[in-house]
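Everything on this sheet refers to the single structure shown next.
Just so it is clear, none of the values below were taken in a lab; they were calculated from the coordinates. Computed from a prediction, not measured in an experiment: that's the story for all the values here. Counting neighbours? That spans all protein chains shown, and the Cβs are built from the backbone with ideal geometry, glycine included.
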Amino acid sequence: MAGSYDLHRDLQSIQAPVIHFDHVSKEYQKGIHAIEDICISIKKGEFVFIVGSSGSGKSTLIRLMLREILPTKGKVFVAGRELSRLRRHQISKYRRSIGVVFQDFRLLKDRNAYENVAFAQRVVEVPPAEIRKNVPRMLSLVGLSEKYKAFPSELSGGEQQRIALARALVNNPVILLADEPTGNLDPKNSWEIMHLLEEVNRRGTTVVVVTHNHEVVDMMQKRVITLRNGRVISDEQKGGYVYAKY
Ligand code: ADP
Ligand code: MG
């Protein structure tokens with residue numbers, strides 16, 4: 001498909017799942033599958049956990065969704081578009097229409113909290129007057145209005161992750177991807193981040209969370225997709241963490 005990439009527009013006009021993996025495999029090295037024959041459909045507005053032990057292929061799924069990497073076999077569709085068919089200029093636009101949060105926060109260390117969030121808006125050339133409205137709104141959503149001047153080194157892990165979340169959300173993404181967002185946080189901060197993700201989802205964003213956190217997964221009663229050795233071994237609508245059974 002030609003033209004510029006507009007995920008918001010595509011999602012309004014297309015009935016397809018927001019994320020669809022059609023028999024997707026990824027081999028980083030020949031013969032060694034990071035993921036194998038994955039079929040997953042995620043509908044608009046869903047909240048989905050992806051769980052599985054280290055090396056089971058979770059981050060590979062996220063990287064495929066972000067179109068950082070391409071499948072070796074199969075196709076990944078987002079809002080009905082096959083990601084491998086996006087052109088270069090469409091790829092950067094596509095990525096900017098998705099919010100992402102990582103375990104290690106990935107904030108700009110030489111910029112304060114306000115600037116970290118504002119930066120995401122400057123990249124997509126939001127007018128300065130809009131930025132001055134949007135950034136405080138986002139900092140307030142994550143409960144950090146009063147820390148807007150603080151640099152990452154002056155913030156706790158939980159606070160840094162909340163800034164990262166504000167940055168991921170400021171451009172109003174249709175999809176939020178979080179790869180082990182609570183991996184470096186204590187239980188209290190983990191819950192705060194999870195409740196924020198739930199709130200974001202209630203407002204209409206499709207949320208995909210990779211996590212190891214058994215308590216969180218068991219408590220939240222969301223859809224849970226479990227990976228093992230690169231394959232989906234369970235996909236439950238209101239699941240808990242799959243333990244000893246496998
Ligand atoms: P998880 O996030 O569940 O820990 P990953 O998706 O990171 O799993 O990795 C799945 C498998 O792919 C692992 O065996 C890992 O070693 C391998 N892998 C991941 N990234 C690369 C890479 N860039 N090059 C080679 N192998 C990789
Ligand atoms: Mg990982």
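Overview of values
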{"quantity": "Trypsin sites (Lys or Arg not before Pro) lying in DSSP loop within the range 61-145, provided at most 16 other Cβ fall within 10 Å", "calculated": "87, 106, 109, 111"}
{"quantity": "Segment residue 8-residue 91, length gained on full extension (0.36 nm per residue, minus Cα span)", "calculated": "28.4 nm"}
{"quantity": "Cleavage-rule hits (GluC sites (Glu not before Pro)) in the range 104-141: DSSP loop, at most 10 neighbouring Cβ within 10 angstrom", "calculated": "125"}
{"quantity": "Using a Förster distance of 30 Å, the FRET efficiency for residue 84-residue 154 (Cβ separation, nearest 0.05)", "calculated": "0.10"}
{"quantity": "Cleavage-rule hits, trypsin sites (Lys or Arg not before Pro), the range 151-230, DSSP coil, Cβ neighbours within 10 Å at most 13", "calculated": "203"}
{"quantity": "Sites residue 212 and residue 233 - FRET efficiency at Förster radius 22 Å, r taken between beta-carbons, to 0.05", "calculated": "0.85"}
{"quantity": "Alpha-carbon centroids, the range 1-63 and the range 74-100: separation in whole Å", "calculated": "11 Å"}
{"quantity": "From phi via Karplus (6.51, -1.76, 1.60), per-residue ³J(HN,Hα) for the range 226-239 in Hz, x at Gly/Pro", "calculated": "9, 9, 8, 6, x, 10, 7, 9, 6, 8, 10, 5, 10, x"}
{"quantity": "Net charge of neighbours whose Cβ lies under 15 Å from the Cβ of residue 62, counting Lys and Arg as +1 and Asp and Glu as -1", "calculated": "+2"}
{"quantity": "Cα Rg, Dmax, the range 147-199, angstrom units", "calculated": "11.2, 31"}
{"quantity": "Flagged links, alpha-carbon separation over 21 Å, of 133/222; 44/75; 93/149; 26/58; 58/147", "calculated": "133/222; 93/149; 58/147"}
